[in-house]
Amino acid sequence: MKLFARRREEPLDFEEREELSEEEQDSSVLELTHVGPYEIIAPIGSGGMGTVYKAIDRKRDQTVAIKVLDRRYDLDKKRRKQDYLGREVLIAASLEHPSVVRMHKEVVEQEDLNGNIRRCLVMEFVDGHNLRKHIKDRDLTITQMIDLTIRLCHGLDFLHQKGIVHRDIKPENFLFSRDLRAVKIVDFGLSKSNASWRTRWMKEGGGTRRYMSPEQLAKRNLDARSDIFSLGITLYELFTSKHPCDGQDAREIMRQIRSSRYKFEVPSKRNPKIPKQIDHIILKMLRRRPERRYQSVTEILMDLSRVSASRI
């Protein structure tokens, strides 16, 4: 789990969470044997902030996912102060939506196999994959992509109406059940809630640079329109399998995101099956000036409903 190289004054930039294959799950060494009543079964994903495990309470026959925060966040006083798990719990307390992952309302402390106290977050287990796998495998039809987009937008619209800006929208933070019936937005460790004094005054750091809006890259104050830009990049990848920028590294991609001289190619030129209405929706989400983008996800849903109706 590497962190991006950065200058000291730059905000922490988390790498994309990796899903582990079944072979990697079987061969990985566990950090813990249990968390509270839950027996750790196998790691299912890892990223810059820690590792997520599948676990089971055998008495209640309940399967959950448990995020174990990387020890560096407890050892480093500055990172500990940012309290990413505590922030997730705080945000989760106000959330109840079918497209938002359910989380227990407390952080659990558990001793690991090396005798270190680790902080853990118990959450709903989704038996499937994140959106990255579907982007790589190209295993979804256009109709399925539109349907999933609508459900994700309903979840994000719910968050925004609760006054929550996610700030780390990307394929790895959208989970799907194997049958695609369940769609979940996850990972609120970087989220900012207007309703909470604990998160209202946070600096606008963190996130994944290749999905950041121009204003997030510029470290300005963010609102829901920043999430909309990040969702636009994610949907561009979903429908075309390509990032809208063609830079060879993170620095070049960031420059292209911010520069109006770099024109995003129309999605249907990369995938002719994409309806023209989807072209319009994605490109409007990717407008660099926030005031020219969609102003809310509700507006996106209105346009998506017209696309969906036209395909019936």
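No lab work stands behind these numbers, since they all come straight from the coordinates. Predicted model only: the values in this text are computed from it and were never measured. So basically every Cβ, Gly included, is an ideal-geometry build from the backbone, and we count neighbours across all protein chains shown.
Residue ranges 261-269, 157-165 sort as 157-165, 261-269 when ordered by packing (mean number of other C-beta atoms within 10 Å per residue, highest first).
For LYS269, the shell of other residues with beta-carbons less than 14 Å away shows a net charge of +2, using +1 for Lys and Arg and -1 for Asp and Glu. Among the listed pairs LYS133/LYS242; LYS67/LYS219; LYS105/LYS162; LYS242/LYS263; LYS184/LYS284, a Cα-Cα separation exceeding 19 Å is found for LYS67/LYS219; LYS184/LYS284.
Which shape class, rounded, prolate or oblate, goes with the stretch 94-187 when its Cα gyration tensor gives a ≥ b ≥ c as root eigenvalues, a/c under 1.5 marks rounded, and past that a/b bigger than b/c marks prolate?
Working: a/c = 2.52, a/b = 1.54, b/c = 1.64.
Judged from the Cα gyration tensor, the stretch 94-187 comes out oblate (a/c at least 1.5, b/c at or above a/b).
Dividing the mean sequence gap of close Cα pairs (under 8 Å, 6+ apart) by how many residues the stretch 128-310 holds gives a relative contact order of 23 percent. In plain terms, if you count all Cα to Cα distances in the stretch 128-310 and split them into 10 Å steps from zero, the share in each step is 9, 39, 39, 12, 1 percent. Per-residue packing, averaged as other Cβ atoms within 10 Å, sorts the ranges 228-235, 281-288 into the order 228-235, 281-288, beginning with the highest.
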